[in-house]
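The block underneath contains the structure these notes are about, expressed in structure tokens.
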Amino acid sequence: MVEMARIAEDCGLQAVALHPRTREQGYSGRADWSRIAAIKAAVKIPVIGNGDILTPEDAVRMIDETGCDAVMIGRTASSNPWIFRQLEQFLTTGRYDHPTQRDRYDMMRTYYEMLLARAEDDSVGKMKQFATYFTHGIRGGAALRVSIYQAKEARQILDLVDGFFETHCDEVSSDLVLA
Ligand SMILES: Cc1cc2nc3c(=O)[nH]c(=O)nc-3n(C[C@H](O)[C@H](O)[C@H](O)COP(=O)(O)O)c2cc1C
């Protein structure tokens, strides 16, 4: 990997990003951040570290441990799109807010409505794909995920989302009653 980064630098590339897992590893085991540090020590161009950043603390730890110039966030960007806001807040105040159920509802509903507005055939599939990420780690998320997987129609999925947050979020349920 170090050799490839050097070649990239010699060829005039302006930065390199590394996700330090092997193809054989897939997503199993932990990303070996020491490989990011090794590349950082070997090249002068900016190095972007990636792998297993789940929280703002992880991002700061990656920079501390590897000296990388920036971080790249993959799966957490889908499961917790607030990670970037949290990171900025953490860097300026040392603490960060967690999304409310209302935030989660608004984000899921908005994304699903945008998929529907495109009027493409793959909306239901994309809704299911996003549900995989989004329902992990939220209370009652497994049941919502299963019911979304079983749904056949996009509108049915929107109803499932509304129904879920109606029972898991007081703020949303009062809105839905008023609407
Ligand atoms: C939905 C999804 C799509 C991805 N697509 C690509 C891709 O097109 N090219 C690529 O190099 N890596 C891709 N990756 C890998 C990520 O860039 C990243 O290296 C990997 O998810 C590990 O980082 P993480 O622990 O922050 O998720 C993808 C990952 C996910 C979850």
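The values are calculated or read from the model by the stated rules, or taken from the named source; none is laboratory data. The structure presented is a predicted model; accordingly, all values stated were derived computationally and were not measured. Quick reminder, even Gly has a Cβ in these numbers, built from the backbone with ideal geometry, and neighbours come from all protein chains shown.
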* **region 131-158 - residue that is under 18 Å from the mean Cα position of the chain (by Cα) and at pLDDT 90 or above and, of those, surrounded by the most Cβ atoms within 10 Å (Cβ to Cβ)** => Ala131
* To do: Starting from region 68-95, keep only residues that are farther than 16 Å from Met107 by Cβ, then list their pairs with residues that are away from the ligand (no atom under 15 Å from the Cβ) whose Cβ atoms are within a distance under 6 Å, requiring at least 6 positions of separation or different chains.
  => Cys68/Lys40; Asp69/Pro46; Gln89/Tyr96; Phe90/Tyr96
* Does region 113-127 include one or more residues that are over 30 Å from Lys44 (Cα atoms), outside the structural domain of Val16 (by TED's automatic domain parsing), modelled with pLDDT of 90 or more and within 16 Å of the chain's Cα centre (by Cα)? -> yes
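For region 26-103, which helices (runs of 4 or more DSSP H) that fit wholly inside it have 2 or more residues that are away from the ligand (no atom under 12 Å from the Cβ)?
Counting at least 2 such residues, we get 34-42, 56-66, 83-93.
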* Asked: Considering only region 69-100, how many residues are in contact with a strand residue (DSSP E or B) (Cβ under 9 Å, 6 or more places away or on another chain) and either under 18 Å from Arg30 (Cα atoms) or not assigned by TED's automatic domain parsing to the domain that holds Ile45 (or both)?
  -> 4
* To do: Out of Arg61, Arg21, Arg6, report the one residue that is over 26 Å from Gln86 (Cβ atoms) and free of Cβ contacts under 8 Å to residues at least 40 places away in the same chain.
  => Arg6
* To do: Could you grab the pairs with beta carbons closer than 7 Å, sequence gap of 6+ or different chains, first residue in region 27-41 and in contact (Cβ under 8 Å) with a residue 12 or more places away in the chain, second one of a type outside the set (A, V, I, L, M, F, W, C) and away from the ligand (no atom under 12 Å from the Cβ)?
  => Trp33/Glu65; Trp33/Thr66; Ile36/Thr66; Ala37/Glu65; Ala37/Thr66; Ala37/Gly67; Lys40/Thr66; Lys40/Gly67
